[in-house]
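What follows is a set of notes on a single structure, which appears directly below.
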Amino acid sequence: MESIEKKLREEAKRLLAEKKVDVIVGYEKGTLPLCSTPCFISNSEDTDRLVWDFFCRQNLAKYVHDLLFQHKESQRNVKPEEKTKKVIGVVARGCTSRSLIIHLQERQYHRDDVVIIGVPCTGYVAQEKIADRAGGEEIREGRVEGDKVVVKTVSGVKDIPLRDVIADNCLTCRFNNPVISDIMTATDAQPMSPDQEYVQVDEFGKRPLEERWAYFTGEMSRCIRCYACRNVCPSCYCKVCFVEQSQPRWVGIGIDETDTQVFQIMRMFHMAGRCVDCGACVEVCPMGVDLRRFLKKLDKDGFELFNHRVGAVLDEPPPLATFRDTDKDEFIFEPE
Amino acid sequence: MAENRLNKGWEPKIVAFCCNWCTYAGADLAGISRIQYPPSVRIVRVPCTGRINPFYIVKALQEGADGVLVSGCHPGECHYLTGNLSAKRKFAMLKNFLSYIGIEPDRTVFTWVSASEGERFARVVQGVTDAVKVLGPMDKLAKRI
Ligand code: SF4
Ligand code: SF4
Ligand code: SF4
């Protein structure tokens, strides 16, 4: 990882110095232990701030969309001859690169608006898992040493096997190496093991209907509708989100439980063919809502029904924007 | 809600999203031809099944529908050529998803009825009504104010 970090800083420096990009979106060391946080670097002197480690959790594609969108807005009232172009350099692991592909498939910006600095990925440490393993105690310091995470809490120093705290989505990740990139910082990482990818979905789908509903409503009853899951998701970029629309008002803003359920059903359904399972929404959820259990079902169906792997191929249309004559139709109702 | 189920007078409420060019005309034909079918459906006329935001379906369930029927033109007969075919993909995913979270699959029904199939329309409504009757009133997702 150190060598990737070194290469990353060099490439970022070069891109900025040569004015190939206006800004680099990457990660830097966070203020809390075991946290890296998104950063924006526009000066080639500052590229040593960039880090690449097991604590880079967020999906940076989100910021690429935001920055380009803001730039586009700012250019609206500018005379044609004075319009400027903005190019974003982005540090992209597998899931980030797939989110970029989704933006490109959905025509949000052009391929030459981004320079993708690919990083081979071996997963990140899930905040919730590490907090669990630290016994809920405040983590004062922490670092990765070989295949374990060493954490220091009030009660002493603990060694935790790295594998035990890697996020669930990373453990079964099918695309841990960037799907597209302009520059690669290292050769491909070892693949993760995706065979278990849908085990949880299959198991859940076999439970009785009422049990599934009870689980769904139980999870959703914890949701406080802070919308962090939406705000962090690279595929949630509508200028006006349906939850904030007032004409019509799709979702009530009160505390009625069905409004929360409907909000979640619709936000998740908007992810059909678009969720790359980066786990960012799960990581930011302050209430630990098990969103992935539901999102993963859409991913599975997208593959099983339409043979579509989200964000895997740039010039493939999004699955719900197209169709095939061979699409299954057993679900179509036939009256007696 | 439970007492409703015992209430003999309970009739399911089914919201039917019907495509203007086929099913809506089919329903009209059923009416003109005086074909009997249950009065359980409330028809919402849409320009094309492709115009239906899956949110309409979820919203109808939240607002008190016991079932939702979506009906458009048979494949190959869409007024806009392929609206129904892309809609089909959305519906396949929505139906699966709703049943995955625990909503009975019989509450969301998709079918095709053409303008000349008044009699098929009546049979569809009968079929959906019967299935929803077995399930009883929708008490999941339904807003209670
Ligand atoms: S989901 Fe895959 S690419 Fe994304 S962080 Fe995890 S292992 Fe890396
Ligand atoms: S982040 Fe969690 S609590 Fe906040 S809206 Fe999303 S699911 Fe609800
Ligand atoms: S829904 Fe969650 S896991 Fe899926 S792309 Fe958005 S943030 Fe990532």
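Look at segment A:217-232: where a residue is touching a residue at least 24 places away in the same chain (Cβ under 8 Å) and closer than 14 Å to residue A:265 by Cα and a partner is within 16 Å of ligand 1 (Cβ to nearest atom) and among the hydrophobic types (A, V, I, L, M, F, W, C), sitting 6+ places away or on another chain with Cβ atoms under 7 Å, you get A:229/A:281; A:229/A:284; A:229/A:291. Looking only at residues in segment A:277-299 that are at the interface with chain B (Cβ under 9 Å from one of its Cβ atoms) and under 17 Å from residue A:170 (Cα atoms), the one that is nearest to ligand 2 (Cβ to nearest atom) is A:294.
Looking across A:309, A:274, one residue alone is away from chain B (no Cβ under 11 Å), in contact (Cβ under 8 Å) with a residue 12 or more places away in the chain, in contact with a Phe, Trp or Tyr (Cβ under 9 Å, 6 or more places away or on another chain) and not aliphatic (A, V, I, L, M). It is A:309.
In the set (1) surrounded by fewer than 21 Cβ atoms within 10 Å (Cβ to Cβ); (2) out of contact with any strand residue (DSSP E or B) (no Cβ under 9 Å at 6 or more places or on another chain), residue B:106 fails one condition alone, (2). Among the residues of segment A:221-248 satisfying the criterion of being polar (S, T, N, Q) and in a helix (DSSP H, G or I), which is nearest to ligand 1 (Cβ to nearest atom)? Among them, the one singled out is A:231.
On the given criteria, is residue A:289 modelled with pLDDT of 95 or more, within 15 Å of ligand 3 (Cβ to nearest atom) and outside any helix (DSSP H, G or I)? Against the criterion (modelled with pLDDT of 95 or more, within 15 Å of ligand 3 (Cβ to nearest atom) and outside any helix (DSSP H, G or I)), residue A:289 qualifies.
Which of the following residues is in a strand (DSSP E or B) and facing chain A (nearest Cβ under 9 Å): B:68, B:109, B:125, B:58?
B:109
Taking segment A:1-31 as the range and being among the hydrophobic types (A, V, I, L, M, F, W, C) and either closer than 12 Å to residue A:117 by Cβ or more than 21 Å from the chain's Cα centre (by Cα) (or both) as the test, the residues that pass are A:4, A:8, A:12, A:15, A:16, A:17, A:21, A:24, A:25. Screening residue A:242 against (1) within 10 Å of chain B (Cβ to nearest Cβ); (2) over 23 Å from the mean Cα position of the chain (by Cα); (3) within 30 Å of residue A:107 (Cα to Cα) leaves a single unmet condition, (2).
For (1) touching a Gly at 6+ places or on another chain (Cβ under 8 Å); (2) farther than 28 Å from residue A:169 by Cα; (3) basic (Lys, Arg); (4) crowded, with 19+ Cβ neighbours inside 10 Å, each residue gets a yes or a no:
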site: A:9; (1), (2), (3), (4): no, no, yes, yes
site: A:14; (1), (2), (3), (4): no, yes, yes, no
site: A:17; (1), (2), (3), (4): no, yes, no, no
site: A:27; (1), (2), (3), (4): no, no, no, yes
site: A:31; (1), (2), (3), (4): no, no, no, no
site: A:36; (1), (2), (3), (4): yes, no, no, yes
site: A:42; (1), (2), (3), (4): no, yes, no, no
site: A:46; (1), (2), (3), (4): no, yes, no, no
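Restricting segment A:172-189 to residues that are in contact (Cβ under 8 Å) with a residue 40 or more places away in the chain, among the β-branched types (Val, Ile, Thr) and in a loop (DSSP other than H, G, I, E, B) leaves a set whose member that is nearest to ligand 3 (Cβ to nearest atom) is A:179. For segment A:230-253, a residue qualifies if it is more than 15 Å from ligand 2 (Cβ to nearest atom) and loosely packed, with under 15 Cβ neighbours inside 10 Å, and the qualifying residues are A:238, A:239, A:240, A:245, A:246, A:247, A:248, A:249. The residue that is farthest from the other protein chains (Cβ to nearest Cβ), counting only those in segment A:209-229 that are crowded, with 16+ Cβ neighbours inside 10 Å and touching a Ser or Thr at 6+ places or on another chain (Cβ under 8 Å), is A:225. One residue stands out in segment A:93-136 among those that are in a helix (DSSP H, G or I), closer than 18 Å to residue A:167 by Cα and β-branched (Val, Ile, Thr): the one that is nearest to ligand 1 (Cβ to nearest atom), namely A:96.
Checked against (1) under 18 Å from residue A:281 (Cα atoms); (2) within 14 Å of another protein chain (Cβ to nearest Cβ); (3) among the acidic types (Asp, Glu), residue A:168 passes all but condition (2). Looking across segment A:153-167 at every residue that is in contact (Cβ under 8 Å) with a residue 40 or more places away in the chain and away from ligand 2 (no atom under 16 Å from the Cβ), the one that is nearest to the chain's Cα centre (by Cα) is identified as A:166.
The values are calculated or read from the model by the stated rules, or taken from the named source; none is laboratory data. Worth saying up front: this structure is predicted, and the values here are computed from it rather than measured. In this analysis, Cβ positions are derived from the backbone assuming ideal geometry, glycine residues included, and neighbour counts consider all displayed protein chains.
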